[in-house]
Every structure is written in C-alpha cells, then in structure tokens.
Amino acid sequence: MYTAADIARILDTDLQYIVHPDDNIVHLTMDTRKLIHSGETLFFALKGSMHDGHVFIPDAIRKGVRNIVVEHIPSEYQEQVNFYPVTNVLHAMQQLAAWHKRQFPELTTLAITGSNGKTIIKEWLSQMITDRQVVKSPKSYNSQTGVALSLWQIKRGDQLGIFEAGLSTTGEMRALEAMIRPDIGLFTMIGDAHAEGFSSINEKIEEKLLLFNHCKTIVFHEDDVLVSDAIRRRFPNRKLLSWGKSPDSTLFRIINIVKHHPSTTVTITLNGESHSLEMPFSDSASLQNALHCVAVMLILGIEITAIQSGLNRLQNLSMRLEMKNGIHNSILINDTYNADLQSFKIALEFLDLQAGNKEKVLILSDFMQTGLDADLLNEQLADEINNHRVSYVIGIGRNIGGLKDRLQPSIRFVWVENTEQVLDNIHNYPLAGKAILIKGARTFKLERIIHRLSDKTHTAVLETDLQAIEHNLKVFSDYLDKNTGIISVIKASAYGSGSEELARFLEFKKVAYLAVAFIDEGVHLRQSGIRLPIIILDPELNGINDLIDYDLEPEVYSLEQLQEIISVCKARRQAIRVHLKLETGMHRLGFTKKDLEALCTLLLEHQDWVHVNTIFSHLSSSEDPNDDDYTHEQVRLLLDHYQYIADRIGYKPQKHILNSSGIIRFPEYHFDLVRLGLGLYGIDSTGQFADKLEKVHTLKASVIQIKDIKASESVGYNRRGHPQGDGKIAIINIGYADGLMRLAGNGKYTVRIQDRDFLILGNVCMDLTIIDLGTDSNVHIGDEVIIFGKNKPIETLAMVCQTIPYEILTRISSRIRRVFIQQ
C-alpha cells in the first residue's frame, strides 16, 4: 500500500496537485467501467487508438476515484482530487510497476517470451511448483499495460514471480524488460504470431531476446535452431541451459519418446543418469510446453520426483476463460484452470459483462497457495463478491465457509466440503436462467460441474475468440481517423457466432453503433440489456411499434416506408431516429435521385417526428480493384445526394459508405462512420490486412469411431468414397445439417487432427462425415477435429465449396454449440 504522496514522489510529479496526500493507493486501473474500490484506486488516463482516457476523467470522479495520472489537468476538477501530471501516462504506469517490483529483491523472477505457449507454461508451472509461494501474470497479461498490472500484484512472502512478455512490433520489449528485470529467461518457440510487425523472423527473435539483457540464466529448446543460434550468438557469456534431442543440449537430452495415447513417456538423460517422465498427454505442443516446465523446475533445484508429481497433476485443459450455454436457459462461465485473486476479479468482470439481465451465481472453491491466511483471503473474496452484486454463492472446501459472515445479507450462501456434494444436489440449487461463474483450484475438479450443467445438444462446437475480436477491432481502429466511429455489423446472429454475447462485448469496447438485419434481432438485444444505439438494416413495416418501444433506429430506403413510419410516430406522439439509405449503384434498397425532393419535403414537414442520424450507401465491389472507377462514382453520388439533403433539411447527419474491405482499400472515404462486419472476425477479402488480423472462429468436431478398411472397399452414400489404400477411416460428428457443405466431400477438403490434415472420404452425410486416416495410428476416438480455425483458414473451405466465408459462417446450424473464450 502506498500513499498519494508516495506515488507523487515515485512518478516525480509536482506535489502542488496532491490535495489528499494521505490517500491510500491499493489498486491500479485504466478502465472506469471496472471500478470497484474507487477510493483506493489510481486511474491512468491512457491515450489509445480508440479512446483517450482523459475523456473518462469525469466518469472516474463521479464513481469516487480520487487519484488520477494525466498528461493535462482538467481545471474544473483541480481542487477535488489528486492529479499526477506526467509527460506520458503509459510510461508512468510502467515506471510505477518497475519501482514496485524493485521493492522485492528477494523475489526470483522468471520471464517467459516466445510466439506460443507462454500462458500455458506459466499456468502449469504455478500448478506444479508447490514448495514456494508463486505470483504470476493473470491470464495472458503480457502487453505494455498487462505486465505493469501483473507486477503490481507482488506482495511480501512471494518467492517466485512468473511473468509473460509479449510484443506485436519492434520497440516494445525494452520497456517490458525494464519493468520485469528477470533473473531467468525462457524462450518458448518462434512462430508466425504478430509477424506483420517485423521485417523478418530474425528481427522478431532479436526483439524478443531484449527481454534477457540482464538475465543470469536463459532456458530454451535446443532443437529450435533459429532460436538457439540467436541466443548463443547474442549471449555467449551467460548461463545457457537448453533441452532437446540435440547432443548440444546442456541441461538435459531427450533419448526417447513413446506415445501411448493419451499419455507419453519421455526418457531423458540428466547429469549422466537416465530418467523416464510420464506426461498426461501426447500432442507435440503440450509435450514441448511440459518439457519447458521440467527445465525451469530443474533450474530452480526441484527434485525429479517432485517434477513427476507435478506432471501427474496436469491436465491438457483449455487455459482460457470460456463461456457457453447451460441447461435450463443458463449461461456458464468456466474459469476452473487457476485460482488466484487477480484472475477472480477478471472472471467477475466478465460475469458482469455477459450476465445481462440474468441473476449472477458463483460456484467457488478454496484457493490454494495465495500466500494469504484463510481469514484475509475470505475477506478479500467477499469484498469482490459483494461489489459485483452476486445473488447466490455455492462454496466448496474447508476454508471457504468463512465467507458466510462476510457476505451481504442479500446473498444466499451454501457451503459444502467437496465437489461431489454439489454434483449430488445440483438439481436442488436455483440455477435455471442464471449466469453462473465456476471458479476454483484444479484439485477440486470443478470441470465435472461444468459438464453436468452444460447444454449437451451437440458436442461439435463453434468457438468465438473474444480476444481476437478485440485485436481486430484495434487493428481497424488504428487505421481510422480518430474522429471516425465504428458500426459493428452483427446481423445473422453475428455471422453465426451469437449476437447477444458479442453485442455485450462490443458495447464494453464502446463502438458507436451495432447493426442487425431484422427488428426481432434488435428487440432481443434490448431485452438482453444492450443499450448501444442499434441500426435495423431491413425493418419491416409491421414492426414500427417495436422500433419505437425498444429505441431501435431503422434504415429508411423508400418514400412509402418513411410515410408509414411518420404515420405511426404521429399517432403515438413519439419521435424516431432514422438512417437514410441512398441508391448509388448497388441497385438494391435505397432512395434514387428522383426521390430526393419528395424525401426532403417529408423530412421538413415532419421534423418533429423524424431525425436523420446518418445518410449512407453500399458499395457493390469494394474489394475488387477492377471496379475502382465504379466505386469512386458511387462515392461521388453519395456526396452529391448527401449535400442536397443536408442543405434542405438544415443540418448535417453523419455519413458512411465503407464496409470491411472498403475500410482497407479506401481510407480517403472513411468519413464519419464505417461499417465493420467480416473484418471484425479476421476475414479480409482484399488480402491487404490478412497478416494483421486474427481468425476469430474455430469450428470443431470429434472422432466418434475408427474402423479398418481395405483399398477395395467403398465408403458412404452411393459408394462414392474410395480409400487411398488399406488402412483406417474415422467418423466425425458433423455433417451438412450442421453447416459442413456437401461440396467439401469426395476428397476436395481436409480436416485437421493433431496438426495433420486428412481428406474427407465420400459424400458429407447429414450428421456425420468420414475421413481417410490412411495408415496413421495416432488418431483415437475422442480426438478433436478442426474444420476451420486459427491456422486452417475458413477461406479455403469457402473456395472448395464455391462460395464466400459469409455463407460458410451463416450456414452453421443452431444445433452447433457456441462457446466464447477469452484469455
């Protein structure tokens, strides 16, 4: 805990702006929407691509914040709160975090960087290491601000700090290194993530290696030649400890790997002795991550028997917060892979974001190895629960019962000793229609509760990565003028993702508008608690009353439609905001030039009932360079018609014409607003942003049966499938009724299992698909099957099926489970 005066001295700011020098500072934030302990929070008014934190200073003060780091002081609040004027708010946050970290010289610090595996290695190490108190980055907090917030968690008693460090372009790692100053550095691997920020893979490696500038020990995979060569060249005089099959490995060498599925035996030589380690998984990525963990534990002096005990506790589970539909119209938020206070706060914030109008329920186990005694831990847990308006808590474990007397009287609390008691009484708890967060330590195996409460209509899943959506939103925001707003188009159930969940996330990200196709979609969002302005792109005349009742803003494209809207508004004595659609060459919906005089007359005569918020049009070929002349002519027509309307109605509505591909190709036409649809989901039909965007959707199925087959046999309907030779086939639980089009069959498309692609054999069936495994014996029943995803582009499937990614996504059946994940 620091006082306001302490913070001013650390940041070297002028004390004359500190009017409450004795204020205690416990929490840091850069987001006024997440304020809980306002009086003890230091707010950083960060400037970003989408928002300037200084704009939210009034909101912060209104919510009780008394300490704010700024680049310029708003004079109207100068005498009310403490201001810390600095040259750069981000640098000030990093300066404070670095100073705080230096107060703990006894802390051994491990920093992890690399393209993949950082989060899972950090989480696995925290599970495996039980002989010392560990503090770590929450979730994947590895950015310029995430690292600062991670370091702020360090407290007395912590013995080992494990922190991730990520970057997206050059010039970022020096700031992270200056904050963390690690003793041990771990380089996981090098890959394509964020490749667009670097001129070459070597430049990317060199930038990451800046993290190790003051490390005493560096750990890496010897067989990753690009990485190992770069480390040896850069740090010839450091303690370099590597592992791998190579004889040059300096810590331990892999002698043999035997996969039993789902486990693996890895034999290593360490100090001249042979040891066999049992790993509870068999995929190559998990094995590499686990062996990195082994290497770090050996460096920390942990015995091989304790390392094996730690490996036995691991499960190859998702390391991400996950949301999906539950039974009885509930939603489930699964955050069972770790249990610490910071991740608990993040999970509660996510629960707030997604609960909408549903009551909030928490199923919570004892936390382990927090470094806090049970009373203090329960006090802090209760404080968070009370502030997040949870209505019902089920506590599991010996110590969690201490919550009872600390929770507000309105919160119902049930205490049991173990998970089995919850499972036995699951139908006695009031969980129907609730938003349920399940959170706790791995030892309680809370995933069994998730399984019991999950909607099990189909085991095939469409995953939507909210972190990737946030990334893509930022990519487009950075490309836009700061005064250009974003209309997020989430029609067709957010292109198959699920509109309600995504709408809440986008509202949290403060986009300007949401746009949906039909009135009932907008009504559903309003009933779910969404307050953002919502444009209805295809409003039907029989729904005008709903437009007014639910404060929805229709696209208006004809005189007849406008007259009907005016008639209803006058009858009800209520005004409406509208968006005028102009015909400029798409020859679909829209006012033509000959309509404009009558349109303006109507608007002037009925200006008390209709206000025009925007005037817009739709490009027919924004992604096609061959039609650029036509595109420019469409824009010219929009501007001409816009000027005519604005001159006659006496005010200037906002204007927009660009969709995702138009945003990329025509920055000169960004205007007041842009409409972001498929680009939000990482799909770029221009090819110009493909290396900057992240794929959002992953469609997954499972292997449900494996059979032997001979080359002479046929497979599937009409005997269209013929294996390439004697071998095996697998049946997976997805078909054309789920959205996998029949055009993908008969060897035209592959699915991916364990990083290998296998051809679809024969026709795609209604509910099932058959794939040719050949002689591969490593595929097993229950294995995950990727139809498309991060590294298997949906564009490939669209091309095979002679269509576009839009259609692939919107064809995905409602019976496919939707799961939302956030790291």
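The values are calculated or read from the model by the stated rules, or taken from the named source; none is laboratory data. Keep in mind that this is a model prediction, so the values were computed, not measured. Positions of Cβ are backbone-derived with ideal geometry, glycine not excepted, and every protein chain shown enters the neighbour counts. Only protein heavy atoms, including side chains, enter the accessible area calculation; ligands, DNA and RNA are left aside. Shrake-Rupley method; radii C 1.70, N 1.55, O 1.52, S 1.80 Å.
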**OP:** Please list, ordered by first then second residue, the pairs with beta carbon atoms under 7 Å, 6 or more apart or interchain, first in the range 800-823 and without any contact (Cβ under 8 Å) to a residue 40 or more places away in the chain, second open to solvent by 20 Å² or more (accessible area, probe 1.4 Å) and in a helix (DSSP H, G or I).
**Re:** none
Subject >> Number of positions in the range 651-692 that are over 19 Å from A517 (Cα atoms) and either assigned to a helix (DSSP H, G or I) or at pLDDT below 95 (or both) >> reply: 19
Subject >> Selection within the range 755-802 - modelled with pLDDT of 95 or more and hydroxyl-bearing (S, T, Y) >> reply: T769, T796
Original post:
Which pairs do you get when a residue that is more than 21 Å from A441 (Cα to Cα), found in the range 337-359, comes within reach of a residue that is aromatic (F, W, Y), reach meaning Cβ atoms under 6 angstrom, with the pair 6+ apart or on two chains?
Top reply: L353/F508
**OP:** Looking only at the range 532-539, decide whether some residue is in contact with a Pro (Cβ under 6 Å, 6 or more places away or on another chain), more than 25 Å from L353 (Cα to Cα) and outside any helix (DSSP H, G or I).
**Re:** yes
Original post:
Does any residue of the range 200-213 turn out to be in a loop (DSSP other than H, G, I, E, B) and either within 19 Å of C293 (Cβ to Cβ) or of a type in the set (D, E, K, R) (or both)?
Top reply: no
**OP:** Evaluate the following for I36: is it modelled with pLDDT under 90 and under 20 Å from G146 (Cα atoms)?
**Re:** yes
Original post:
Restricting to the range 690-739, what's the tally of residues that are free of Cβ contacts under 8 Å to residues at least 24 places away in the same chain and closer than 30 Å to L473 by Cβ?
Top reply: 1
Original post:
Is it the case that the range 631-641 has a residue that's closer than 30 Å to P805 by Cβ and touching a strand residue (DSSP E or B) at 6+ places or on another chain (Cβ under 7 Å)?
Top reply: yes
Subject >> Candidates G402, G356, G433 - the one that is within 25 Å of R504 (Cβ to Cβ), open to solvent by 20 Å² or more (accessible area, probe 1.4 Å) and in contact with a helix residue (DSSP H, G or I) (Cβ under 6 Å, 6 or more places away or on another chain) >> reply: G433
Original post:
Can you name the residue in the range 778-813 that is small (G, A, S) and touching a helix residue (DSSP H, G or I) at 6+ places or on another chain (Cβ under 8 Å) and, of all such residues, is most open to solvent (accessible area, probe 1.4 Å)?
Top reply: S813
Subject >> Residue among T614, T584, T601, T631 that is β-branched (V, I, T), touching a residue at least 12 places away in the same chain (Cβ under 8 Å) and part of a helix (DSSP H, G or I) >> reply: T631
Subject >> So F198, is it of a type in the set (F, W, Y) and modelled with pLDDT of 90 or more >> reply: no
Original post:
Of the residues in the range 121-143, how many are closer than 25 Å to K216 by Cβ, under 18 Å from the mean Cα position of the chain (by Cα) and in contact (Cβ under 8 Å) with a residue 24 or more places away in the chain?
Top reply: 3
Original post:
Would you call G496 at pLDDT 90 or above, closer than 21 Å to Y806 by Cβ and of a type outside the set (K, R)?
Top reply: no
Original post:
Only one of these conditions is not met by S391: (1) among the polar types (S, T, N, Q); (2) within 24 Å of the chain's Cα centre (by Cα); (3) modelled with pLDDT of 85 or more; (4) within 21 Å of K34 (Cα to Cα). Which number is it?
Top reply: (2)
Original post:
How many residues are part of a helix (DSSP H, G or I), touching a strand residue (DSSP E or B) at 6+ places or on another chain (Cβ under 7 Å) and more than 19 Å from I346 (Cα to Cα) if we restrict to the range 119-144?
Top reply: 2
**OP:** Taking the options V266, V258, name whichever one is farther than 21 Å from A111 by Cα, without any contact (Cβ under 8 Å) to a residue 24 or more places away in the chain and of a type in the set (A, V, I, L, M).
**Re:** V258
**OP:** Filter the range 10-30 down to the residues that are out of contact with any helix residue (DSSP H, G or I) (no Cβ under 8 Å at 6 or more places or on another chain) and farther than 15 Å from V81 by Cα, then identify the one that is most open to solvent (accessible area, probe 1.4 Å).
**Re:** D12
**OP:** With respect to E123, determine if the residue is open to solvent by less than 10 Å² (accessible area, probe 1.4 Å) and of a type in the set (D, E, K, R).
**Re:** yes
Subject >> Which numbered condition A45 fails, given (1) in contact with a Phe, Trp or Tyr (Cβ under 6 Å, 6 or more places away or on another chain); (2) crowded, with 18+ Cβ neighbours inside 10 Å; (3) modelled with pLDDT of 95 or more >> reply: (1)
Original post:
Among R752, R648, R720, which is the only one that is modelled with pLDDT under 95 and basic (K, R)?
Top reply: R720
**OP:** With respect to K695, determine if the residue is out of contact with any helix residue (DSSP H, G or I) (no Cβ under 6 Å at 6 or more places or on another chain) and part of a strand (DSSP E or B).
**Re:** no
**OP:** Output the residues belonging to the range 136-184 that are farther than 18 Å from L341 by Cβ, in contact with a His (Cβ under 9 Å, 6 or more places away or on another chain) and surrounded by 21 or more Cβ atoms within 10 Å (Cβ to Cβ).
**Re:** G166, L167, E177, P182
**OP:** Starting from the range 506-528, keep only residues that are closer than 27 Å to T32 by Cα, then list their pairs with residues that are of a type in the set (D, E, K, R) and open to solvent by less than 10 Å² (accessible area, probe 1.4 Å) whose Cβ atoms are within a distance under 7 Å, requiring at least 6 positions of separation or different chains.
**Re:** none
**OP:** Please tell me if E76 is out of contact with any Lys or Arg (no Cβ under 7 Å at 6 or more places or on another chain), without any contact (Cβ under 8 Å) to a residue 40 or more places away in the chain and either farther than 15 Å from T13 by Cβ or small (G, A, S) (or both).
**Re:** yes
Original post:
Considering the range 426-450 alone, what residues qualify as being of a type in the set (V, I, T) and in a helix (DSSP H, G or I)?
Top reply: I426, T443, I449, I450
**OP:** Could you tell me which residue of the range 628-656 is nearest to I576 (Cα to Cα), considering only residues that are open to solvent by 30 Å² or more (accessible area, probe 1.4 Å) and among the aliphatic types (A, V, I, L, M)?
**Re:** L639
**OP:** Report, by residue number, each residue of the range 585-627 that is touching a Gly at 6+ places or on another chain (Cβ under 7 Å) and open to solvent by less than 40 Å² (accessible area, probe 1.4 Å).
**Re:** S617, L619, S622
**OP:** Working only within the range 202-249, note down all residues that are open to solvent by 70 Å² or more (accessible area, probe 1.4 Å) and either touching a residue at least 12 places away in the same chain (Cβ under 8 Å) or acidic (D, E) (or both).
**Re:** N202, H214, K216, L226, D229, R234, R238, K239, K245, D248
